[in-house]
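*Asks:* Starting off with a structure, shown below.
The values are calculated or read from the model by the stated rules, or taken from the named source; none is laboratory data. All of these numbers come straight from a predicted model, not from anything done at the bench. Note that we place each Cβ from the backbone using ideal geometry, even for glycine, and neighbour counts take in every protein chain shown. When the accessible area is computed, the model is the full protein with side chains, heavy atoms only, and any ligands, DNA or RNA have been set aside. Shrake-Rupley method; radii C 1.70, N 1.55, O 1.52, S 1.80 Å.
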Amino acid sequence: TPTSLQPGKKSRELETLKQFSEDLVFNPAGRPLTEDELIPLLQDCDGYVAGLDFITEKVIASCPKLKVISRYGVGYDRVDVAAATRHGVVVTNTPGVNSEAVGELAFALILAVARKIPYLNQDTRNGGWMRSTGFECLGKKICILGLGSIGKVVARCARGFGMEVCAYDPYIDEGYCLEHNIAAVSLEEGIAQADVISLHLPLMDSTRHLINKETLSAMKDGVVLINTSRGGIIDESAAYEALKSGKMGGLGLDAFEEEPPKDSLLFEFDNVVATPHTGAHTKEATQNMAKAAIKNLIDVLNN
Ligand code: NAD
């Protein structure tokens, strides 16, 4: 359940929802729910504001009253949209509202890796005084894979830091690139030329493990890779090998193949900076997402 929609919380979004329906059911656990937890909870619900729960066909088929799954967020990969469509359940999302939050976190991860901020923070707190040589963004080349709403925020931040920006997107907006001084490149060119590669594309069958042993070997030595999109896009065992060999100079992750990551070998390395899929969690984005998710839910149920 989105924070601003938790019971007892005073928020405009919750008020809107209460005015629409007096019969609200809340996620009692404060974490994504399993299939078996979701089914009894959603039994009598017409609409569902969904966060990071996996919504399978079993859940959809077992909740016959359900008319709308209103995703609070962008990705649809946790919802079986095909099954929802088969069962006549509309699925909506909230594109664009958290782009600034995620894009800024991606850039924060670049800086955190570049200057080893988490590592130095820990060392300084522990009484150490280790100065470690990092790198500057000015003049470096960044390749943005997926120039959608989040990719564009990262491009803007990167230009602000004096980086050369290129992007690969199968549906690239050439006009936008021209206007914002972004070089539109092929995937191969982008991967081969960049000092920093930032992932902002959706997870689909065709993009699962797009970053693998082969694509990693085609990258520049010392490349920094940032993933705030979805975990499955990077083959983490290939990334581990690239870090171990020194091929990869740093890795910033807000998304993992398994979330939360259990005993990840990636945490062996000081040049790996991790955050807990928290890209969208700013005050502004949380509010915008809740507002948009509730509007979508009400619009569908009113029609
Ligand atoms: P978007 O739809 O605006 O942009 C995605 C872009 O990727 C589109 O321009 C699309 O053409 C492009 N694309 C599609 N297939 C591609 C491919 N094979 N190679 C390169 N580009 C490709 O979406 P967005 O809002 O910018 O979100 C981007 C990603 O960020 C999504 O995967 C989303 O799940 C993820 N996300 C993460 C968080 C977080 O908390 N970390 C929050 C929101 C979104």
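*Asks:* Quick one: net charge around S132, please, counting Lys, Arg +1 and Asp, Glu -1 for every other residue with C-beta under 10 Å from its C-beta.
*Replies:* Net local charge, S132 excluded: +1.
*Asks:* What do you reckon, how do D53, D173, D221 stack up by accessible area (1.4 Å probe), largest on top? Kindly include the intermediate steps, with their values, before the conclusion.
*Replies:* Numbers: D53 10, D173 70, D221 125 Å².
So the residues, ranked largest to smallest area, are D221, D173, D53.
*Asks:* Which loop-located trypsin sites (Lys or Arg not before Pro) does region 94-181 contain, where loop means any DSSP state but H, G, I, E or B and the Cβ has at most 10 other Cβ atoms within 10 Å?
*Replies:* On the way: sites: R115, K116, R125, R131, K140, K141, K152, R156, R159; in loops: K116, R131, K140.
When the trypsin sites (Lys or Arg not before Pro) of region 94-181 are filtered for loop state and at most 10 Cβ neighbours within 10 Å, R131 remain.
*Asks:* Here's a follow-up. Suppose R0 equals 22 Å; then what is the FRET efficiency for K58 and Q19 from their Cβ-Cβ distance, rounded to the nearest 0.05?
*Replies:* The calculated FRET efficiency here is 0.10.
*Asks:* Let me ask something else about it. Once the whole set of protein chains is in place, how much accessible area is left on E268, using a 1.4 Å probe, in Å² to the nearest 10?
*Replies:* Spelled out: E268, probe radius 1.4 Å, area about 110 Å².
*Asks:* For F20, F107, F267, give me the order by solvent-accessible area with a 1.4 Å probe, most accessible first, ignoring ligands, DNA and RNA.
*Replies:* Listed by decreasing accessible area, they come as F267, F20, F107.
*Asks:* Between M204, M248, M289, which gets the highest mean-square fluctuation from a Gaussian network model of the chain, Cα cutoff 10 Å?
*Replies:* Its mean-square fluctuation being the largest, the pick is M204.
*Asks:* Whole-Hz Karplus ³J(HN,Hα) for region 278-294, in order, using 6.51 cos²θ - 1.76 cosθ + 1.60 and θ = phi - 60°, x for Gly and Pro?
*Replies:* Karplus values, whole Hz, x for Gly and Pro: 10, x, 7, 8, 10, 4, 5, 5, 4, 5, 4, 5, 4, 4, 5, 5, 5.
*Asks:* Which far-off residues, 5 or more places away or on another chain, put their amide H under 5 Å from the one on I55, with H placed in the peptide plane?
*Replies:* Under 5 Å from the amide H of I55: V79, D80.
*Asks:* Accessible surface of K65 in the full protein assembly, 1.4 angstrom probe, to the nearest 10 Å²?
*Replies:* Near enough 90 Å² of accessible area.
*Asks:* Further question on the same structure: Quick one: order T124, T278 from most to least accessible surface, probe 1.4 Å.
*Replies:* Details: T124 70, T278 40 Å².
Per-residue accessible area, sorted high to low, gives T124, T278.
*Asks:* Identify the trypsin sites (Lys or Arg not before Pro) of region 190-262 meeting these criteria: DSSP loop state and at most 13 other C-beta atoms within 10 Å of the C-beta.
*Replies:* K262
*Asks:* Turning to a different aspect of this structure: Which FRET efficiency value, to the nearest 0.05, is calculated for A192 and E284 with the Förster distance at 41 angstrom and r the Cβ-Cβ distance?
*Replies:* Once the sixth-power term is evaluated, E becomes 0.65.
*Asks:* What number comes out for accessible area per residue over the chain if the probe is 1.4 Å? Units Å², please.
*Replies:* 51
*Asks:* From the phi of every residue in region 250-257, what ³J(HN,Hα) in whole Hz does the Karplus formula 6.51 cos²θ - 1.76 cosθ + 1.60 yield, where θ is phi - 60° and glycine or proline is x?
*Replies:* Rounded to whole hertz, the list is x, 9, x, 10, 10, 9, 10, 4.
*Asks:* Just add up the charged neighbours of A292: K/R +1, D/E -1, any other residue whose Cβ is under 11 Å from the Cβ of A292. Numbers along the way, then the final one.
*Replies:* Working: positive: R71, K291, K295; negative: E13, D299.
Computed value for this residue: +1.
*Asks:* May I pose another question? V223's amide H: which non-local residues (gap 5+, or another chain) put their own amide H closer than 5 Å, with H modeled 1.01 Å from N in plane and none for Pro or chain starts?
*Replies:* Amide H to amide H, under 5 Å and 5 or more residues apart or across chains, V223 pairs with G249.
*Asks:* Shifting gears a bit: Counting just the Cα atoms, what span does the chain cover along each of its three principal axes? Round to the nearest Å and put the largest first.
*Replies:* Cα spread of the chain along its principal axes, largest to smallest: 58, 50, 33 Å.
*Asks:* Another question about this same structure. Based on the Cβ-Cβ distance of K247 and E174, what FRET efficiency does E = 1/(1 + (r/R0)^6) give at R0 = 25 Å, to the nearest 0.05?
*Replies:* 0.20
*Asks:* Same structure again: Keeping all protein chains in position, work out how much accessible area H281 exposes to a 1.4 Å probe, and write it in Å² to the nearest 10.
*Replies:* Probe radius 1.4 Å; accessible area of H281 about 110 Å².
*Asks:* Quick one: Karplus J couplings for region 38-53, per residue in order, coefficients 6.51, -1.76, 1.60, θ = phi - 60°, nearest Hz, x for Gly and Pro?
*Replies:* For region 38-53, the Karplus curve yields 5, 4, x, 5, 9, 3, 9, 8, 8, x, 9, 8, 10, x, 9, 5 Hz.
*Asks:* With a sphere of radius 12 Å drawn around the Cβ of V90, what net charge do the other residues whose Cβ falls strictly inside it have (Lys, Arg +1; Asp, Glu -1)? Intermediate results must be reported in sequence, preceding the final value.
*Replies:* Values: positive: K67, R71; negative: D46, D299.
Surrounding charge for V90 is 0.
*Asks:* If the viscosity is 1.306 mPa s and the temperature 10 °C, what Stokes-Einstein diffusion coefficient in µm²/s follows for region 10-167 when Rh is the Kirkwood radius over Cα pairs?
*Replies:* For the chosen part, D equals 83 µm²/s.
*Asks:* Once amide H atoms are placed 1.01 Å from N in the peptide plane, what residues at a sequence separation of 5 or more from V90, or on another chain, have their amide H within under 5 Å of its amide H?
*Replies:* V68, I69
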